[in-house]
Ligand code: 13P
Ligand code: SF4
């Protein structure tokens, strides 16, 4: 009965998608059913590139709010909808526009690089946007003597500082999902599995990144597990990525780093707000919809286009 219900839901979503000439874009942290029904699954950079070039009439964004907002900024004539308007992001929330504007007054000579996990208002105050897959390249595109403010993720910013030997000023923000992953748990898993490689998302704390065999975006992590000759991986990121890892390499073993015994804290509570039922309803009602003023779109678009240009 449950399978039949799910089957009906899948058929209804696909029918609505065809009728409305919609494209479904999904992030790797979405539940497996959503990843399966999506036209494209990717990391923040891949999703932005897809949103910009799609010729569908409507973009259904299965991810979090800042991602859908970025799609709207890059392709403003399309209707952009998302299953749950409350799918936010602790990193984006850690950088309120008023406080950031005040903070920037102290750094008038600095170039502002913002991680894509921020609101449209923060993007509009930035010179260049980056994602976890191109952050190093973007920072290194600037002269060594250039002063830089990096926001909002202090873990990603610190990681870039360490590998590019820069001293960027960091906004004090973190992702609640990655920042809670504890080094003690990582070490315990490494001791129990000496044959495993440790791979980590750069939103994790520095002590974990220093120990990792590979650090990268969700797409980077997935590709690494596909290409590597290793058979076992300790994965320090959100649980959703395991679905594609197991699908691509069923013969390999993936161990997610547990947070503690009492919660599944490395399930992003915002990403996991999206469900198949909400996906169906948002396609049916064409709502909730991302709406932004033309002025904000124009100001936020410039630093994103600069990123896309530098990522080629
Ligand atoms: P990626 O761009 O690596 O997919 O990261 C998005 C994100 O929100 C990580 O927490
Ligand atoms: Fe934001 Fe962290 Fe969730 Fe990514 S995992 S969407 S950074 S709260």
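If I ask for residues that are touching a strand residue (DSSP E or B) at 6+ places or on another chain (Cβ under 7 Å) and surrounded by fewer than 19 Cβ atoms within 10 Å (Cβ to Cβ), which ones from region 85-129 would you list? If the condition is that a residue be touching a strand residue (DSSP E or B) at 6+ places or on another chain (Cβ under 7 Å) and surrounded by fewer than 19 Cβ atoms within 10 Å (Cβ to Cβ), then 104, 107, 110, 111, 127 are the ones that fit. May I ask you to verify whether residue 137 is without any contact (Cβ under 8 Å) to a residue 40 or more places away in the chain and either under 30 Å from residue 302 (Cβ atoms) or assigned to a helix (DSSP H, G or I) (or both)? No. Do we have any residue at all in region 235-247 that's within 12 Å of ligand 1 (Cβ to nearest atom) and out of contact with any helix residue (DSSP H, G or I) (no Cβ under 8 Å at 6 or more places or on another chain)? Looking through region 235-247, at least one residue is within 12 Å of ligand 1 (Cβ to nearest atom) and out of contact with any helix residue (DSSP H, G or I) (no Cβ under 8 Å at 6 or more places or on another chain).
Of the helices (runs of 4 or more DSSP H) lying entirely inside region 20-106, those carrying at least 2 residues that are more than 18 Å from residue 283 (Cβ to Cβ) are 44-53, 65-74, 90-93, 97-104. Only one entry of 292, 222, 209 meets the criterion of being within 16 Å of ligand 1 (Cβ to nearest atom) and more than 17 Å from the chain's Cα centre (by Cα), and that entry is 209.
Can you find even one residue in region 184-192 that is within 16 Å of ligand 1 (Cβ to nearest atom) and either touching a helix residue (DSSP H, G or I) at 6+ places or on another chain (Cβ under 9 Å) or farther than 21 Å from residue 244 by Cβ (or both)?
Our first condition is that a residue be within 16 Å of ligand 1 (Cβ to nearest atom); within region 184-192, this holds for none.
No: region 184-192 contains no residue that is within 16 Å of ligand 1 (Cβ to nearest atom) and either touching a helix residue (DSSP H, G or I) at 6+ places or on another chain (Cβ under 9 Å) or farther than 21 Å from residue 244 by Cβ (or both).
Does residue 264 satisfy the condition of being modelled with pLDDT of 95 or more and more than 13 Å from ligand 1 (Cβ to nearest atom)? When the stated conditions are applied, residue 264 does not pass them. Out of the residues in region 231-248 that are away from ligand 2 (no atom under 16 Å from the Cβ) and surrounded by 17 or more Cβ atoms within 10 Å (Cβ to Cβ), which is nearest to residue 30 (Cα to Cα)? This residue is 245.
The values are calculated or read from the model by the stated rules, or taken from the named source; none is laboratory data. No experiment lies behind these values; they were computed from the predicted model shown. Cβ: placed from backbone, ideal geometry, glycine included. Neighbour counts: every protein chain shown.
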